[in-house]
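Visitor: Please find one structure pasted underneath; my questions will follow.
The values are calculated or read from the model by the stated rules, or taken from the named source; none is laboratory data. Here the structure is a predicted model, which is why all the values come from computation and not from measurement. Virtual Cβ from ideal backbone geometry, glycine too; neighbours counted across all protein chains shown.
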Amino acid sequence: MTTPHQAALATDDQATEHITPHLAPDSTLSPEKWSLEVLPHDATDLSPVSNAIGGIYVSMIPGETVEPVIEALKRIRAQGKTSVPHIAARNLESDKALRSVLIACATLDVHCVLLIGGGATQVSGPYAEVMDLLETGLLADYGISHINIAGHPEGNPDDPDPEQSLIAKLNWADTHGMHSRILT
């Protein structure tokens, strides 16, 4: 049996984005808007950033703690912008680190995250991959309702079967009532 996600992956018309079919599109980060990615220390004066930018993605740098990401989320929110933190599984040194980011998201009214394995070659804590983050069940507990999942059209050197992994994440989102998008 082919799932809706397998069918979507098999067609070119939805190659860069998939919106979970049974959920309404996200009005704050609609596909019509542009996005911007910043390093945590660069999330300072965002006044020149156009209102055409729907979300400011904040990178989680391998080897750093979650604190710079949390501080960047606060600065972005204080400037009236929408932030989307990267949550990099292999970069999280502990369950407490994950909860710290999620508490900040809940406090700052952030409902969308980008889930990635992370560029780190070594696992820093209890999470080796995105499915480990999803299976904690913590995202919804802290108000996360929209997940962006990294897509790798060129393949993913960290994953021997990236297409199957992507389908598993999208199916997880469907099963748990989460809005999902593939970002490339």
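Visitor: Could you count how many residues in region 83-128 are touching a helix residue (DSSP H, G or I) at 6+ places or on another chain (Cβ under 8 Å) and either aliphatic (A, V, I, L, M) or at pLDDT 95 or above (or both)?
Guide: Qualifying residue count for the region: 26.
Visitor: Counting only residues that are in a loop (DSSP other than H, G, I, E, B) and β-branched (Val, Ile, Thr), how many does region 92-128 have?
Guide: Here the count works out to 3.
Visitor: Another question about this same structure. Hey, among GLY155, GLY143, GLY119, which residue is over 23 Å from PRO62 (Cα atoms) and more than 11 Å from the chain's Cα centre (by Cα)?
Guide: On inspection, the qualifying residue turns out to be GLY143.
Visitor: Can you tell me which condition GLY80 does not meet? The list is (1) modelled with pLDDT under 95; (2) farther than 18 Å from ILE56 by Cβ, and all the others hold.
Guide: Every condition holds for GLY80 apart from (2).
Visitor: Select from region 76-88 the residues that are crowded, with 21+ Cβ neighbours inside 10 Å and either of a type outside the set (S, T, N, Q) or touching a His at 6+ places or on another chain (Cβ under 8 Å) (or both) and list them in ascending order.
Guide: Within region 76-88, the first condition is being crowded, with 21+ Cβ neighbours inside 10 Å, and the residues that meet it are 76, 83-88.
Correct list: ILE76, VAL84, PRO85, HIS86, ILE87, ALA88.
Visitor: Can you spot a residue in region 112-119 that is touching a residue at least 12 places away in the same chain (Cβ under 8 Å), surrounded by fewer than 16 Cβ atoms within 10 Å (Cβ to Cβ), of a type in the set (Gly, Ala, Ser) and out of contact with any Cys (no Cβ under 9 Å at 6 or more places or on another chain)?
Guide: Yes, that holds for at least one residue.
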